[in-house]
Amino acid sequence: MPQATSSIISQAFRMMELTPPSSLADDSEKSAAANQQYDIALRMCLEAADWSFASTLAHLPAAVLAEGEAEDADLPYIYTLPGDLVRLHEVGDIDTRWRVDVVDGDASIRADQPAPLRVRYTATIDNEARLPATFQTAVAAQLALLLAPRWMPVVSRISLIADQQRELMREALRRDARMASQARYDGLDDAGDWATEARR
């Protein structure tokens with residue numbers, strides 16, 4: 001995390017009824033733990049849903065098959081996954097066949113569609129100011145849960161934070177659903193909802 005201070009981290013310590021670290025750049029145990037767990041807490045919350053504020057559309061260029069990597073006649077095209085990808089939601093069109101391969105920690109997509117390959121995914125967000133307030137609070141609660149075993153010996157208090165985190169995530173999802181555009185993201189005409197189409 002590039003920031004010297006973080007409102008999410010400060011909120012997490014307040015949820016644990018602890019004084020937050022004065023700076024994330026110091027060598028205190030709190031700062032080290034917060035820096036270590038922050039990205040995990042953020043990723044856990046981003047992975048939980050298809051958030052409108054983190055939804056990203058990209059068109060991937062073809063990649064070169066790595067040396068020693070086997071070709072696949074059924075999925076002949078390979079693409080490097082974006083570096084900011086958290087969770088993949090759509091690849092190509094409805095008929096595109098694809099899979100994700102991970103080799104030596106590097107992830108790529110194999111597909112039967114030539115470049116450019118359209119993908120929609122949840123992207124990580126480094127700037128807290130770009131996160132909705134309700135989502136920030138949910139991340140703080142998730143971070144508090146990850147940090148709590150070290151500083152909170154009372155299990156019942158940790159359970160209360162877990163309940164709070166679930167409710168905060170539900171509220172963030174409710175608000176995000178109201179913020180999402182009703183228009184199609186691909187620019188095509190709206191075909192109507194599936195129930196209306198099924199009754200035709």
Give me the number: length gained by fully extending D84 to R175, i.e. 0.36 nm times residue separation minus the C-alpha to C-alpha distance, one decimal in nm.
-> 30.4 nm
Quick one: what are the phi-derived ³J(HN,Hα) couplings along the stretch 44-52, Karplus 6.51/-1.76/1.60 with θ = phi - 60°, whole Hz, x for glycine and proline?
-> 4, 6, 5, 5, 6, 7, 8, 6, 5
Label selected from (1) 51; (2) 33; (3) 48, the criterion being percent of Cα pairs over 25 Å apart as computed here | (1)
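Taking K and R as +1 and D and E as -1, what net charge do the other residues with C-beta under 13 Å from the C-beta of M44 add up to?
+1
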In deg cm²/dmol, rounded to 500, what helix-only [θ] at 222 nm does the chain give when every DSSP H run of at least 4 residues adds -39500 (n - 2.57) and the total is split over its residues?
-> -13000 deg cm²/dmol
So what's the gap between the Cα centers of the stretch 145-160 and the stretch 1-67, to the nearest angstrom?
-> 20 Å
Debye, to nearest 20: dipole size of the stretch 1-104, +1 on Lys, Arg Cβ, -1 on Asp, Glu Cβ = 600 debye
So if R0 is 45 Å, what FRET efficiency would R97 and I40 give, r being the distance between their Cβ atoms, rounded to the nearest 0.05?
-> 0.90
Rounding to the nearest 20 debye, state how big the charge dipole of the chain is about its Cα centre with +1 on each Lys and Arg Cβ and -1 on each Asp and Glu Cβ.
-> 1040 debye
With θ set to phi - 60°, apply the Karplus curve 6.51 cos²θ - 1.76 cosθ + 1.60 along the stretch 81-98 and write out the HN-Hα couplings as whole Hz, x wherever there is a Gly or Pro.
-> 5, x, x, 9, 5, 10, 8, 8, 10, 9, 10, x, 9, 5, 9, 5, 9, 7
Does anything in the stretch 8-38 have its amide N under 15 Å from the 7 Å Cα→Cβ label point of L160, and if so which residues?
-> 13-18
Which of I78, G68, Q36 sits closest to the plus end of the dipole of the stretch 31-88, meaning its Cα is farthest towards the positive end, when Lys and Arg get +1 and Asp and Glu get -1 on the C-beta?
-> Q36
Which sequence of E71, E167 reflects their accessible areas, 1.4 Å probe, from the largest down?
-> E71, E167
Quick one: order R130, R178 from most to least accessible surface, probe 1.4 Å.
-> R178, R130
Projected label distance in nm at A107 and A63, using a 7 Å step from Cα toward the beta-carbon | 1.1 nm
Counting sequence-distant residues (5 or more places) and residues on other chains, those with an amide H built under 5 Å from that of E90 are R120
For A140, the net charge from surrounding residues (Cβ-Cβ under 11 Å; K, R +1; D, E -1) works out to 0
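The values are calculated or read from the model by the stated rules, or taken from the named source; none is laboratory data. Nothing here was measured: the structure is a model prediction, and the numbers come from that model. Reconstructed Cβ throughout: ideal geometry from the backbone, glycine too, with neighbour counts over all protein chains shown. Just the protein is used for accessible areas: all its heavy atoms, side chains included, with ligands, DNA and RNA removed. Shrake-Rupley method; radii C 1.70, N 1.55, O 1.52, S 1.80 Å.
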